[in-house]
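The values are calculated or read from the model by the stated rules, or taken from the named source; none is laboratory data. Computed from a predicted model, the values in this text were never measured in an experiment. Cβ sites come from the backbone with ideal geometry, for glycine too, and all protein chains shown count toward neighbours. Please note that ligands, DNA and RNA were not included when accessible areas were found on the heavy atoms of the full protein model with its side chains. Shrake-Rupley method; radii C 1.70, N 1.55, O 1.52, S 1.80 Å.
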Amino acid sequence: RAKQFIGKLMNAMPNDRIGLVLFAGKAYLQMPLTTDHGAASMFVSSAGPDAVPQQGTVVSEAIRRSANAFNAAERRFKAVVLISDGEDHDPEAVNTAKELSEHGMMINTVGIGSAEGSYIPDPATGQNKVDPATGSAIISKLNEEELKQIAANTNGIYVRLQESDEAV
C-alpha cells in the first residue's frame, strides 16, 4: 500500500524533486533528491522491509537523514512525507521534528497499519518475526498520536492511509 501511495503521490507532483530514505533501526538515503521520477519509481519498487538490516523503528534518524538531503542554506521548500506505522523505539522523534522545523522543514506524516496491529512476516523463514529476548511474535501497531505530533510540530498534516487516491 505504501508503494502504491508513493507512486500516485509522484504522479501528482510531476515537477517536484523526489528523494527516498528507508529506515527501520537505522536510516539510509536510498536516492538523493532528483527530478527523475522514473529512477525514483525503480528505487521505490525495490524497497521493502528487508532493505534495512537493522530492525526496529527510529523515526528521529529517518527525519535527520531526510533533512540532510536538502540544501542546508535553503530555509524553505523542505517538505518530507514520512510513511510509517509510527511505532517508534526512539523517544526523540517529536523533539527532532520540532528542531528541524526551525530550519524550515515541514513533515507530513502518513499512518499505515492498524491500532490493533499485525504480525511482521520474516521473508527468510516464512514465519512471523519473533522478539529474540522473549521468543514471542512481534506485533506492529499504528501509533497515530506520534505521527500527528510530528506533523503538527512542523506545520505539516497527518493522513491515515486507507485509500491511496484520497490520501494523495
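Counting only protein chains, not ligands or nucleic acids, how are PHE23, PHE5, PHE77 ordered by accessible area (probe 1.4 Å), most first?
If we order PHE23, PHE5, PHE77 from most to least accessible, we get PHE77, PHE23, PHE5.
When a/c is below 1.5 the answer is rounded, else prolate if a/b is larger than b/c, else oblate, so apply that to region 22-78 with a ≥ b ≥ c taken from the square roots of the Cα gyration tensor eigenvalues.
It is oblate, given that a/c is not under 1.5 and a/b is not larger than b/c.
Can you tell me which of 108-121, 132-145 comes out highest on packing, and rank the rest after it, using the mean Cβ neighbours within 10 Å?
Sorting 108-121, 132-145 by mean packing, highest first, produces 108-121, 132-145.
Given bins 10 angstrom wide, list per bin the percent of all Cα-Cα distances in the chain, short to long.
10, 38, 38, 12, 2
Tally Lys/Arg at +1 and Asp/Glu at -1 over every other residue whose Cβ is under 15 Å from the Cβ of ASP16; what's the total?
+2
Can you give me the C-alpha center-to-center distance between region 4-70 and region 78-128, rounded to a whole angstrom?
After rounding, the separation between the Cα centres reads 12 Å.
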